[in-house]
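Structure first, then comments.
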Amino acid sequence: MLRYIGIRFSGALFSIVGVACLVFLLIHLIPGDPVEIMLGESAKAADKIALTQKLGLDKSMSEQFVAYVKGVVTLDLGKSFYKNKPIVDLILERYPATIILALVSLVIALLIALPLGAIAATRKNTLADHGAMTFSLLGVSIPNFWMGQIMIIIFALGLGWFPVSGYSGFSSIVLPAITLGTALSAILARMVRSTLLEVLNEDYIRTARAKGLSESKVIYVHALRNALLPIITLVGLQLGTLLAGAVITEKVFSWPGIGLLAVEAIQKRDYPLVQACVLVISITYVGVNVFTDIVYAVIDPRIRRGSRD
Amino acid sequence: MIRIILPIFILLLWIGGVIAGYLMQLDPDSIDLAAILAPPNSAALFGRDDIGRSILDRIIAGAETSLIVSVSVTAVSVVVGTCIGSVIGYIGGIADMILVRVIDIFLAFPGILLAIALAAVMGPGIENIVIALSLVGWVGFARLSRAQVLSIKEREHVQAAVALGTRPHNILIWHILPLIAAPLIVEATFGIASIIIAEAGLSYLGLGVQPPQASWGSMIRDGSQYLLVAPHMVIFPGLVLMSVVLAVNLLGDRFRDMLDVKDSH
């Protein structure tokens with residue numbers, strides 16, 4: 001077990017280092033002079049020189065990289081010049097909102113996907129199954145940002161049940177969480193269905209039926225519990241999609257999370273802040289995946305014995 | 001039947017819209033200040049936007065943007081990803097270990113976050129969108145083709161070809177590639193659907209095409225400021241976007257069933 005955790009951690013560490021390197025290179029992909037783009041063409045020469053020095057762009061690439069790594073490790077990512085605050089503070093301020101949104105969306109997604117997938121799998125090729133799969137197909141085909149706008153038109157502007165955007169108490173989270181959650185539930189429902197269909201063919205399901213258990217007990221106690229194992233992994237992977245989807249959804253609802261911070265930073269051309277946001281979201285994603293893998297291995301001993309990579 | 005006729009019909013409308021954009025006298029950029037935010041009417045079937053441009057004309061013009069971006073990104077991703085993935089998968093060794101690491105790093109960026117970041121630093125414009133999405137898109141195809149090649153190169157017919165002294169590139173092209181084509185086609189079809197959404201998403205964030213060029217995503221972005229007075233600005237481009245993505249996904253489902261590819265989605 002420890003060996004497995006060690007292997008997963010070193011793999012994740014490698015990914016994070018790679019991600020950090022790519023994020024470092026981002027600012028050097030800017031065509032032309034980043035300082036000129038950030039400050040605009042009419043900026044004073046003195047300001048440009050000051051910003052160049054602040055960003056360390058006057059130093060050599062290797063010196064810049066050392067400074068960057070030092071900054072990441074010591075959690076000193078410099079100052080955001082459009083907010084005029086330390087970047088770490090800004091991120092800490094916004095991080096909880098993103099996590100809360102992601103978790104609530106995940107709960108909504110599971111509440112929809114588990115019953116829907118179970119119904120579809122147990123009534124394979126019936127109207128209920130086709131209905132559930134149509135919902136799933138629609139869910140993956142509707143872009144988050146459009147669905148969000150439609151929700152605003154209907155539930156915020158039309159019915160006035162929820163605030164249009166921003167953060168003002170509990171009711172603010174409803175629309176963004178439903179937007180993200182239904183999109184995720186569409187993918188999950190499909191996966192729950194196919195996993196359940198596989199499990200339902202197993203011998204122990206036949207045994208459970210043979211000993212006269214009620215069908216709902218067979219499905220929810222015997223089948224779903226076994227199907228949950230692969231579903232946990234899928235949910236972990238999808239949580240990352242949720243984090244990335246949050247960038248656009250947070251923008252739609254002006255939800256004050258890290259995604260909105262990234263979009264604001266992009267609009268203000270505050271590239272160091274953009275880099276920091278991308279880095280934090282990706283590290284969270286890698287972290288969630290490692291955590292899921294380990295949880296999975298704890299639950300299912302076959303994984304930690306079978307895995308050699 | 002409806003699962004095959006409907007998507008083909010929508011896709012024909014999509015491509016037809018692109019062709020019609022050239023043949024018809026469209027006015028996606030002509031401004032009519034007297035008809036600002038006009039709701040759907042006989043002169044403008046889907047209404048007009050905040051500077052009085054016809055929504056329908058702009059949707060047809062936007063069809064071109066989404067078609068160009070999705071097809072070119074998918075083509076680049078399939079070709080580059082499959083070449084890298086299959087060649088390195090076949091050679092194996094250190095190159096393969098490095099490829100797996102590189103793929104891991106790219107996949108550590110959730111969803112289109114990397115594309116958003118790339119588009120943000122490269123600046124708006126259709127070429128930059130294509131570059132940003134391709135830089136992210138090849139990874140999936142590299143991973144898929146590598147995995148497929150790894151399993152197929154152990155098969156007897158490949159071993160036989162090796163024993164007969166067939167050159168590696170011939171083995172790859174004639175003995176392996178035809179066998180991995182089916183999953184790649186299915187993946188590419190779903191890839192087109194996700195690129196259409198990604199392009200619209202980037203344009204929604206203001207990272208897509210430059211105004212006044214039309215994109216469904218940027219139309220929804222423009223409309224988001226007028227939800228109360230002119231919801232048609234958001235509703236129609238979104239409906240069209242959704243229909244096209246749905247059609248491509250339905251087609252992908254069909255391909256997967258026809259080609260008997262294991263469910264990976």
query: How about the range B:18-60: which of its residues are of a type in the set (Gly, Ala, Ser) and under 16 Å from B:Gly238 (Cβ atoms)?
result: B:Gly47
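I'd like to verify a number: residues in the range A:128-150 that are away from chain B (no Cβ under 13 Å) and either hydrophobic (A, V, I, L, M, F, W, C) or open to solvent by 20 Å² or more (accessible area, probe 1.4 Å) (or both), how many? Can you show your working first?
Filtering the range A:128-150 down to residues away from chain B (no Cβ under 13 Å) leaves A:128-129, A:131-132.
Within this subset, residues satisfying the condition of being either hydrophobic (A, V, I, L, M, F, W, C) or open to solvent by 20 Å² or more (accessible area, probe 1.4 Å) (or both) are A:128, A:131-132.
The qualifying residues number 3.
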- line: Taking the range B:227-265 and keeping residues open to solvent by 60 Å² or more (accessible area, probe 1.4 Å) and within 11 Å of chain A (Cβ to nearest Cβ) leaves B:Leu228, B:Val229, B:Leu239, B:Lys262, B:Asp263, B:Ser264, B:His265
field: Failed condition for A:Arg269, given (1) within 11 Å of chain B (Cβ to nearest Cβ); (2) within 28 Å of A:Phe162 (Cα to Cα); (3) over 11 Å from the mean Cα position of the chain (by Cα); (4) open to solvent by 20 Å² or more (accessible area, probe 1.4 Å)
entry: (2)
message: Please count how many residues of the range A:165-197 are loosely packed, with under 14 Cβ neighbours inside 10 Å, free of Cβ contacts under 8 Å to residues at least 40 places away in the same chain and either closer than 24 Å to A:Gly117 by Cβ or not aromatic (Phe, Trp, Tyr) (or both).
response: 3
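For the range A:1-66, which helices (runs of 4 or more DSSP H) that fit wholly inside it have 2 or more residues that are modelled with pLDDT of 85 or more, open to solvent by less than 60 Å² (accessible area, probe 1.4 Å) and closer than 25 Å to A:Asp293 by Cα? First the steps, then the outcome.
Values: elements: A:2-26, A:34-39, A:45-55.
Hits in the range A:1-66: A:2-26.
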statement: Of (1) crowded, with 20+ Cβ neighbours inside 10 Å; (2) farther than 30 Å from B:Ser86 by Cα; (3) away from chain A (no Cβ under 14 Å), B:Pro212 satisfies every one except (1)
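Take the range B:112-137 and flag every residue that is β-branched (Val, Ile, Thr) and more than 7 Å from chain A (Cβ to nearest Cβ). Working first, answer last.
Taking the range B:112-137 as the starting set, the residues that turn out to be β-branched (Val, Ile, Thr) are B:112, B:116, B:121, B:126, B:129-131, B:136.
Hits for the range B:112-137 are B:Ile126, B:Ile129, B:Val130, B:Ile131, B:Val136.
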statement: Being more than 30 Å from A:Lys54 (Cβ to Cβ), more than 14 Å from chain B (Cβ to nearest Cβ), out of contact with any Lys or Arg (no Cβ under 6 Å at 6 or more places or on another chain) and assigned to a helix (DSSP H, G or I) narrows A:Ile153, A:Ile91, A:Ile100 down to just A:Ile100
query: Within the bounds of the range A:68-76, is there any residue that is at pLDDT below 80, within 24 Å of B:Leu135 (Cα to Cα) and more than 14 Å from chain B (Cβ to nearest Cβ)?
result: no
- prompt: Could you list, in sequence order, the residues of the range A:244-265 that are in contact with a Gly (Cβ under 8 Å, 6 or more places away or on another chain) and facing chain B (nearest Cβ under 9 Å)?
  reply: A:Ala244, A:Gly245, A:Val247, A:Ile248, A:Lys251, A:Val252
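Going through the range B:204-221 one residue at a time, which ones are within 17 Å of A:Gly259 (Cβ to Cβ) and either assigned to a loop (DSSP other than H, G, I, E, B) or among the polar types (S, T, N, Q) (or both)? Steps first, answer last, please.
Taking the range B:204-221 first, the residues within 17 Å of A:Gly259 (Cβ to Cβ) are B:204-207, B:217, B:221.
Result: B:Leu205, B:Gly206, B:Leu207.
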message: Checking A:Leu75 against (1) touching a residue at least 12 places away in the same chain (Cβ under 8 Å); (2) in contact with a strand residue (DSSP E or B) (Cβ under 6 Å, 6 or more places away or on another chain): exactly one of these is not met. Which one?
response: (2)
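Taking the condition part of a helix (DSSP H, G or I), of a type in the set (A, V, I, L, M, F, W, C) and in contact with a Gly (Cβ under 8 Å, 6 or more places away or on another chain), does A:Val107 pass? Quick ask: steps written out before the conclusion?
On the way: part of a helix (DSSP H, G or I): yes; of a type in the set (A, V, I, L, M, F, W, C): yes; in contact with a Gly (Cβ under 8 Å, 6 or more places away or on another chain): yes.
Yes; evaluated as a whole, the condition is true for this residue.
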query: What tally of residues in the range B:80-111 results from selecting those that are facing chain A (nearest Cβ under 8 Å) and not in a helix (DSSP H, G or I)?
result: 4
- line: Residue set A:Val288, A:Val278, A:Val247; condition in contact (Cβ under 8 Å) with a residue 24 or more places away in the chain, in a helix (DSSP H, G or I), more than 16 Å from A:Lys85 (Cα to Cα) and open to solvent by 10 Å² or more (accessible area, probe 1.4 Å); output residue A:Val288
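The values are calculated or read from the model by the stated rules, or taken from the named source; none is laboratory data. It should be emphasised that the depicted structure is a prediction, and the values quoted were computed from it without experimental measurement. Virtual Cβ from ideal backbone geometry, glycine too; neighbours counted across all protein chains shown. Heads up: the accessible areas ignore ligands, DNA and RNA and are worked out on the full protein's heavy atoms, side chains in. Shrake-Rupley method; radii C 1.70, N 1.55, O 1.52, S 1.80 Å.
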